[in-house]
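The structure appears right after this line, and notes come after that.
Every number in this text was worked out from the coordinates using simple rules, so none of it is lab data. Bear in mind that the values here come from a model prediction, so they are computed numbers and not experimental data. Virtual Cβ from ideal backbone geometry, glycine too; neighbours counted across all protein chains shown.
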Amino acid sequence: MEQTMYTVSSSPHIRADHTIDSIMKDVIIALLPAVIMSLYIFKWEALWVMIFSILSCVGSEALWQKLTKNPITIDDYSAVVTGLLLAFNLPASVPLWIPIIGGAFAIVIVKQIFGGLGQNFMNPALAARAILLASWPSHMTNWTLDGVTTATPLGILKAGMGEVSAATLAAPPAFSQLLIGNIGGCLGETSAIALLIGAAYLLYKRIIHWRIPASFIGTVFILTWIFGRNGMFQANPFYEIFTGGLLLGAFFMATDYTTSPVTPLGQWIMGIGCGLITTLIRLFGGYPEGVSYSILLMNLAVPLLDRYTHPKVFGEVKSNE
Amino acid sequence: MKALTFKRGIHPPHGKHYTENKPIEVLMPKGDLIYPMAQHIGAPCEPLVKKGDRVLLGQKIGEAKGFVSAPIHSTVSGTVKNVTPMLHPNGTKVMSVIVENDGLYEEDPSINQSKDYKKMSREEIINKIREAGVVGMGGAGFPTFIKLSPPIIENIDTILINGAECEPYLTSDYRVMVEESGKVAEGLRIILHLFPKAKGYIAIEDNKPEAIAKMREATKNDKNIQILVLKTKYPQGSEKQLIYACTKREVPSGKLPADVGCIVQNIDTVVAIHRAIVRGRPLMRRIVTVSGGAIKEPKNFKVRIGTTYRELVEAAGGFIEKPAKIISGGPMMGIALFSLDVPIIKTSSAILCLTEKEAVLPPEKACIRCGKCVDICPMNLLPLSLNVHALHHEWDDFEKEHGMDCMECGSCSYICPAKRHLLQSIRRGKKTILANKRK
Ligand code: SF4
Ligand code: SF4
């Protein structure tokens with residue numbers, strides 16, 4: 001045996017197989033059922049929105065990092081995930097400059113300016129959606145299904161609550177339609193089943209923890225059940241949790257690593273807070289849907305949550321001070 | 001019964017298939033033997049011999065200095081070649097006695113003296129264990145006689161024998177339980193003799209059914225000994241985690257197991273106690289697993305302390321592939337070596353020769369705040385936050401967030417998808433804070 005020097009480094013000497021890009025790839029895999037359903041429901045329109053959104057996100061990340069002379073990290077797939085999630089939050093009928101502007105905003109303004117992956121304090125896709133909605137509300141709420149203008153189930157429910165408005169006084173779609181997704185809405189929020197399959201994959205692969213989605217959905221369920229739209233205990237809470245962006249938001253957006261707490265208690269509070277705000281907006285607010293605003297608002301609370309929810313250290317003695 | 005466990009933790013691939021079915025092989029040393037005078041926690045020993053002296057097998061060659069220390073014995077007969085600083089498996093140079101083996105194995109008259117432990121007093125037994133140089137052989141090397149002498153004997157109600165062996169690749173404790181279950185049981189009986197109020201438990205992970213069966217068989221007539229089955233999870237064998245798993249007691253931060261009525265001993269240590277008391281032999285040999293993808297024939301050896309790592313690797317057929325990393329101990333907590341020319345000491349549980357593929361050290365990326373390190377830290381710390389404090393030299397925050405409680409299990413670095421060197425920075429933080437305090 002010859003005399004060789006070996007690599008010396010600090011323990012541990014073995015590392016788990018997963019990496020940032022393997023996790024991002026798994027998120028993309030988990031989104032695929034919803035991608036397929038949106039292609040099935042919205043056809044070519046959906047495809048173009050997704051392609052332009054992803055291209056805009058990946059392209060602006062590469063361009064920004066090149067201009068600022070930082071290492072280009074588009075190979076971690078995180079910009080692809082952002083692009084896909086942004087597309088999922090857009091109606092199929094938007095003009096294609098919308099996903100382009102949205103993607104660039106999400107990546108450059110929300111993510112990169114704050115230091116890139118892991119540093120941003122708001123969910124990039126949701127922040128972009130909020131800006132797009134504020135700037136071009138008509139494009140962002142133009143729901144079509146098979147080329148016909150329609151309303152989202154929540155829009156119909158909301159309209160039914162207030163003064164009767166002739167245009168939308170249709171009956172809300174049947175529960176079975178919600179599961180498949182043959183309803184008006186954003187690309188990614190229509191098919192509950194597709195989202196649940198993806199969610200199951202993420203939970204099984206332990207990419208996400210069930211704390212946030214369970215507390216988020218659970219809170220919406222309980223609150224809408226109690227304080228339903230037509231009086232106490234009158235609503236069908238199952239209908240409420242399968243409509244709108246709740247499943248998409250709870251499993252795929254509120255669980256975003258960077259913009260959710262790292263402590264277990266913080267994650268519970270995040271989920272409950274999201275559920276609370278969503279229900280408030282849905283039942284009493286000016287918009288039919290509140291998932292994305294609730295997540296964005298709770299995003300802002302994450303640094304505080306992380307700070308004040310440190311777990312009790314093993315063997316920590318209660319101090320008498 | 002449901003397997004016992006602690007909270008959080010990780011499931012690294014266990015890599016034990018290499019050696020778990022390889023019976024222990026006795027390896028006689030070929031070359032010189034090297035005895036570093038520091039093989040335990042505490043004050044190093046003072047050499048009792050000088051160049052040119054003849055030493056006998058079992059002769060004390062290093063005298064314990066101070067209370068926390070343990071004497072060192074020659075494991076062969078021969079001539080002292082030199083007394084000089086030599087490379088220690090922890091990577092530093094340590095004063096060592098080098099003995100040229102004459103191959104006669106002539107025994108020192110002081111050894112092999114024994115009598116029935118049931119007729120010995122507590123002091124006699126403790127003294128014998130101390131003189132035999134027995135230390136914790138699971139890694140830390142704390143002198144065993146001190147562990148067996150808690151301030152209030154009556155407060156100890158639990159003697160836990162740690163057969164978890166939760167570190168990947170390691171199979172030495174497993175083989176001992178399978179092949180020498182009688183000695184383990186007898187060693188535990190000796191300890192229980194010292195603690196008449198205590199019950200004995202041997203805790204074994206549920207991926208070692210044969211060891212569980214063998215130990216059950218060996219203790220079936222002992223009313224005060226019970227075999228506990230643990231969930232296979234890392235770091236199940238960490239002292240505080242093991243105590244929690246078996247008794248649901250939490251050892252308070254900065255306190256010792258004895259403070260919650262427990263004493264934990266490692267499997268090989270129990271066998272060493274048995275040999276010291278029943279056969280009058282000082283601690284001269286230990287079981288070492290030689291494993292890893294780069295080793296031709298991975299094996300478990302019974303080897304004399306002082307034998308070099310190189311001899312063990314050669315006895316295991318040498319390398320089939322150039323190893324990227326040589327590790328003394330397990331892959332989670334072991335120390336990477338830059339040379340094989342270091343001796344087996346009392347605490348060397350394994351030599352791992354990992355291939356490039358096994359020992360990948362991926363580049364560090366930015367933290368994505370996935371929270372995985374928080375979810376698995378057995379001490380319930382926030383490794384990502386300690387990492388930031390350590391890198392920014394925010395020592396007050398580091399201490400406030402209990403960084404000093406980190407037990408250096410490495411689970412956080414293992415699980416991190418961004419491959420951050422979390423433990424490395426935390427360890428450096430702890431060292432810096434201790435150094436600052438000493439100033
Ligand atoms: S912080 Fe320390 S105790 Fe916690 S997982 Fe990391 S090494 Fe283990
Ligand atoms: S596991 Fe790594 S990436 Fe995840 S929060 Fe901890 S340090 Fe950050």
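Here are the numbers for this structure:
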| quantity | calculated |
| --- | --- |
| At q = 0.12, 0.17 Å⁻¹, base-10 log of I(q)/I(0) for region B:113-278 (Debye sum, equal scatterers on each alpha carbon) | -0.47, -1.00 |
| Percent breakdown of C-alpha pair distances by 10 Å bin, ordered from the shortest bin, for chain B | 5, 21, 31, 28, 13, 2, 0 |
| Residues A:E316 and A:T7, FRET efficiency given R0 of 56 Å [Cβ-Cβ distance, rounded to 0.05] | 0.90 |
| Listed residues B:I24, B:G138, B:I126: farthest to the positive end of the dipole of region B:7-143 (Cβ charges) | B:G138 |
| Sequence-separation-based contact order of region B:372-438, relative, with Cα cut under 8 Å and 6+ spacing, percent | 37 |
| Antiparallel bridge percentage (DSSP; both residues within the protein assembly as shown; nearest 5) | 60 |
| Within chain A, helix-based [θ] at 222 nm, where runs of 4 or more DSSP H residues each add -39,500 (n - 2.57), nearest 500 | -17000 deg cm²/dmol |
| 17 Å reach of a label modelled at A:I226, 7 Å along Cα-to-Cβ, counting backbone N of region A:269-301 | A:269, A:271-284 |
| Under 23 Å from B:K220, Cα to Cα: lysines that are on another chain or at least 8 residues apart | B:K2, B:K118, B:K183, B:K197, B:K199, B:K208, B:K231 |
| Fraction of the pair-distance distribution of the protein assembly as shown above 54 Å, Cα-Cα pairs, percent | 25 |
| Region B:170-213 and region A:185-246: distance between their alpha carbon centers, rounded to Å | 51 |
| C-alpha center-to-center spacing [region B:58-87, region B:132-151] in angstrom | 18 |
| Square roots of five times the Cα gyration tensor eigenvalues for chain A, Å | 36, 26, 18 |
| Residue among A:F175, A:F105, A:F216 with the largest mean-square fluctuation in a Gaussian network model of chain A, springs linking Cα atoms under 10 Å | A:F175 |
| Amide proton proximity set for B:V264, modelled H, under 5 Å, gap of 5+ | B:L160 |
| In region A:1-63, GluC sites (Glu not before Pro) in a DSSP loop with at most 16 other beta-carbon atoms within 10 Å | A:E2 |
| B:Y105 paired with B:E250, simple spin-label distance in nm, labels 7 Å along Cα-to-beta-carbon | 5.1 |
| Residue with peak Gaussian network fluctuation, chain A [Cα springs, cutoff 10 Å], from A:I23, A:I72, A:I241 | A:I72 |
| Low-density loop cleavage sites - GluC sites (Glu not before Pro) in region B:335-392, where at most 16 other Cβ are within 10 Å (DSSP) | B:E356, B:E364 |
| Unpaired by the 4.7 Å Cβ criterion, cysteines found in chain B | B:C45, B:C166, B:C246, B:C262, B:C353, B:C367, B:C370, B:C377, B:C406, B:C409, B:C416 |
| Folded to 0 to 90 degrees: helix A:124-135 orientation relative to chain A principal axis, Cα | 40 |
| Sparsely packed trypsin sites (Lys or Arg not before Pro) within region A:241-321, loop by DSSP, other Cβ within 10 Å at most 15 | A:K312, A:K318 |
| For region B:364-392 and region B:299-355, distance of Cα centres in Å | 31 |
